[in-house]
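Structure first, commentary second.
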Amino acid sequence: MRDKVCLITGGNSGIGKAAAIQLAQLGIKVIIGCRNEERGSAALKEIKDKSKNEHVELLLIDLSSQTSIKKAVNAFKSKHKVLDILIHNAADFDISRKTPQFSKEDVETVWATNHIGPVLLTELLMDELRQSEQGRIITVSSQGLIMHPFLKVDLEDPELRERKYSVEKAYYQSKLAQVMYTYWLSEKLKDTPVTVNCIRVTNVKIDIDRYPDISGVMKRMYSVKSRFSISPEKMAETYTYLATSPEVEHVTGKYFNEKRETVSSSNYSQNQDDIREVMGMTMKYIRV
Ligand SMILES: NC(=O)c1ccc[n+]([C@@H]2O[C@H](COP(=O)([O-])OP(=O)(O)OC[C@H]3O[C@@H](n4cnc5c(N)ncnc54)[C@H](OP(=O)(O)O)[C@@H]3O)[C@@H](O)[C@H]2O)c1
């Protein structure tokens with residue numbers, strides 16, 4: 001039997017790396033999509049060592065850049081004809097950032113990385129996903145959205161160019177857009193074997209050393225928060241479940257928590273008119 005192939009973005013750190021190890025342990029050919037060669041290579045070695053699976057690959061990809069995504073997809077296609085599992089795990093959430101950053105293509109990086117990048121990457125890999133007997137697309141959102149029940153995607157200014165910037169605002173908006181994208185795409189693919197589900201990631205321990213510029217207050221806050229966090233490995237179990245379990249073979253358009261239960265998202269995120277508007281605006285960014 002052919003080994004299944006999984007591409008997971010942000011596979012060099014945190015939950016993405018933990019999920020890559022679990023999936024490789026199951027004999028899946030895992031490709032970690034990373035933007036930094038040094039961090040990616042170090043993670044590649046660790047994933048191979050821990051999983052005892054040599055079939056792990058590194059794909060260089062910067063999700064904030066459509067040029068980089070296209071280059072990475074071409075590199076993927078030169079080696080693989082089928083993609084069974086695509087996990088959109090990478091996210092830009094630099095908690096020390098005070099002002100917006102813009103990608104090489106002049107798009108605010110949180111919006112570009114967390115929402116536009118995954119939409120383009122899926123679009124470009126759709127033929128390979130459809131070659132799988134049962135392709136699975138997994139998007140990643142955040143439990144923190146519960147604290148913003150009335151949040152909407154700003155159709156006029158999704159990059160927060162005209163409003164006061166905060167990385168938190170940009171982040172939650174991008175994660176809300178990913179939930180809506182999940183519903184939209186699952187509907188589009190409903191007559192195919194390809195499923196699309198979203199994970200509501202809970203409070204998971206982060207590696208605070210990844211943010212050398214954060215203030216002492218923030219550092220203390222995260223240290224307290226980490227006492228109530230679950231491990232990346234525990235959270236990754238939901239990724240692995242959705243990526244591999246026969247139980248969810250025909251489940252699509254759902255939102256899952258860390259206990260593998262389906263949960264519901266805000267009323268706004270489920271409204272068909274709003275979904276259409278958000279995806280209409282999203283598609284104006286996509287340059288296939
Ligand atoms: N931890 C939590 O409490 C929590 C809560 C809710 C949701 N989540 C979600 O869970 C997912 C995993 O988070 P985590 O806690 O494991 O965070 P993490 O350790 O910071 O991992 C984030 C990953 O995304 C990558 N990344 C960032 N920008 C990128 C870009 N432009 N192109 C390619 N890769 C990029 C990072 O690569 P570099 O190493 O190069 O930076 C890193 O590998 C994210 O989608 C996050 O939003 C986490």
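Being more than 12 Å from the ligand (Cβ to nearest atom) and among the aromatic types (Phe, Trp, Tyr) is the filter here, so list the residues in the stretch 163-180 that pass it.
Tyr165
Under 6 Å between Cβ atoms, which residue pairs at least 6 apart in sequence (or on different chains) link something in the stretch 25-36 that is crowded, with 24+ Cβ neighbours inside 10 Å with a partner that is among the hydrophobic types (A, V, I, L, M, F, W, C) and assigned to a loop (DSSP other than H, G, I, E, B)?
Listed pairs, sorted by first residue: Gly33/Ile61.
Would you please name the residue that is nearest to Thr122 (Cα to Cα), looking only at residues in the stretch 181-220 that are surrounded by fewer than 12 Cβ atoms within 10 Å (Cβ to Cβ) and within 13 Å of the ligand (Cβ to nearest atom)?
Among them, the one singled out is Asp207.
Which helices (runs of 4 or more DSSP H) does the stretch 199-288 wholly contain that include 3 or more residues that are acidic (Asp, Glu) and over 18 Å from Asn89 (Cα atoms)?
272-283
Taking the stretch 2-12 only, how many residues are surrounded by 24 or more Cβ atoms within 10 Å (Cβ to Cβ) and part of a loop (DSSP other than H, G, I, E, B)?
So the answer is 3.
Consider the stretch 222-245. How many of its residues are within 13 Å of the ligand (Cβ to nearest atom), of a type in the set (A, V, I, L, M) and more than 24 Å from Gln134 (Cα to Cα)?
Summing the residues that are within 13 Å of the ligand (Cβ to nearest atom), of a type in the set (A, V, I, L, M) and more than 24 Å from Gln134 (Cα to Cα) in the stretch 222-245 gives 1.
Check Asp84 against each of (1) in contact with a Lys or Arg (Cβ under 8 Å, 6 or more places away or on another chain); (2) under 20 Å from Ser41 (Cα atoms) and name the one condition it does not meet.
So Asp84 meets the others, but not (2).
Computed from the coordinates by the stated procedures, all read-outs in this text should not be read as laboratory data. Note that the structure is predicted; figures quoted are calculated from it, not measured. Neighbour counts are summed over all protein chains in view; Cβ atoms, including those assigned to glycine, are modelled from backbone coordinates with ideal geometry.
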